[in-house]
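Just so it is clear, none of the values below were taken in a lab; they were calculated from the coordinates. These numbers were taken from a predicted model, which means no experiment stands behind them. Cβ placement follows ideal geometry from the backbone for every residue including glycine, while neighbour counts extend to all protein chains displayed.
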Ligand SMILES: [Zn+2]
Ligand SMILES: [Zn+2]
């Protein structure tokens, strides 16, 4: 399985690739711009050209872009909804321009109007963005921890969105920390087998393209989204080891989104821990 981390774009888009290579990654994920800003300053022509040149000399696959946190495709507020579709279109365009394999997206929060309405709006948003921005890059819906009125904490939410957008080049990104916080325990092989069965039954096994491998600071079912170093959290070494060796997950690309207080040192530590877990 290709193993990689979410890298920084502080030195531009090419910098994200450079950092991944320095860490010895086989795949990479990064934001194409500041994920908490509506403006896409980062996506400048020169920056993209540097990225393209750098990309030719590196063997990273898949290249994954994580979309902005501001996009809320399930928002009941028409203003925010339209703004979100606009930014999603830009994300798709940039991802395609950079020839990324996947664009990871959270389903959004439905507010007081409820899940059903939120799912309907999210699906509509994907369809509209696809018509405007193209179909090339595969959009991966990521499961969430489920705080507030967030959609996507349940496998059923994700399955509904993916089913309804089947013809719009969509797939599934499973985040272990989010899944655990949302109530899917995975502390040992037995629990990971049960989770795999749930995914198969929901039709998600065949749509699974990517795993965000994170330990969690929060308890199972807490609905709190806080990532922890591999093996140091509430999922723990046994659980994450069971995930990376399970038939459903073992061939999928793994991206770490673990804490980086000590910068690259933390990434190296976490990558080493995962490598130790993988049974050949
Ligand atoms: Zn995410
Ligand atoms: Zn994630």
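Points to keep in mind about this one:
- Contact order, relative form, for the chain: 16 percent (alpha carbon pairs under 8 Å, 6 or more residues apart, mean separation divided by residue count).
- Taking all Cα-Cα distances within the range 55-96, those exceeding 16 Å account for 47%.
- Compactness relative to 2.2 N^0.38 Å, alpha carbon Rg of the range 169-280: 1.00
- In Å, descending, principal axis extents of the Cα set of the range 86-177: 35, 27, 21
- Summarising the strand pairing of the chain, around 10 percent of its internal DSSP beta bridges are antiparallel.
- Note that the range 1-59, at 10 °C in a medium of 1.306 mPa s, gets a Stokes-Einstein diffusion coefficient of 135 µm²/s from its Kirkwood radius over C-alpha pairs.
- Kirkwood hydrodynamic radius over Cα pairs of the chain, then Stokes diffusion coefficient at 37 °C and 0.692 mPa s, in µm²/s: 175
- Label point 7 Å beyond Cα of residue 264 along Cβ direction - residues of the range 12-30 with amide nitrogen under 14 Å: 15-25
- The orientation-averaged projection of the convex hull spanning the C-alpha atoms of the range 213-260 amounts to 3.4 square nanometres.
- With semi-axes defined as the square roots of five times the eigenvalues of the C-alpha gyration tensor, the equivalent ellipsoid of the range 1-128 measures 30, 15, 11 Å, largest first.
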